[in-house]
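Since the structure comes first, as structure tokens, the remarks are kept for the end.
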Amino acid sequence: MQSTLFRLPFVLLIFIDIFSIGVRFFKLNQSIDVMSSFRIGHSCGIYEFILDKESITKYADYHGTIVPFTSLEDWLIAYQLMIDREVKVNLIKRYLEANGVLNPHLLNRTLDQILPIDTRNMIINFLD
């Protein structure tokens, strides 16, 4: 598949570190986080963002480029464990509370990882 990424009307910032490769797109006053294969250190250990076929819950066509999306459930956990992402956590929480959890199996498999108790309790509350 041919990528049209560089023809998009975005400012592009690429970052690479020991745990992840990420891209951040900025358009007008919006930003979109694009990350994969990353881990987040937290008070109880390391969380690994699982990116597999189950994780891709939606595809969208953007000017002929098919863009895969992972679930809000996965991003809720990732943002919950990141520093200074409270605004995004609260937005996702409100959305899931209003619309329901669409991918409970992704939250269930996250419970197999080592997580802080507040994150674990948040997941359990969404699954109840």
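The values are calculated or read from the model by the stated rules, or taken from the named source; none is laboratory data. Fair warning: this is a prediction, and the values are worked out from it, not measured in the lab. Methodologically, a virtual Cβ is constructed for each residue, glycine included, from the backbone with ideal geometry; neighbour enumeration extends over all protein chains shown.
Considering only residues in the range 87-128 that are in a loop (DSSP other than H, G, I, E, B) and not hydrophobic (A, V, I, L, M, F, W, C), the one that is modelled with the lowest pLDDT turns out to be 128. All conditions in (1) exposed (fewer than 13 other Cβ atoms within 10 Å of the Cβ); (2) within 19 Å of residue 47 (Cβ to Cβ) hold for residue 74, with the sole exception of (1).
Just to be sure, is residue 32 modelled with pLDDT under 85, surrounded by fewer than 13 Cβ atoms within 10 Å (Cβ to Cβ) and not acidic (Asp, Glu)? Yes; evaluated as a whole, the condition is true for this residue.
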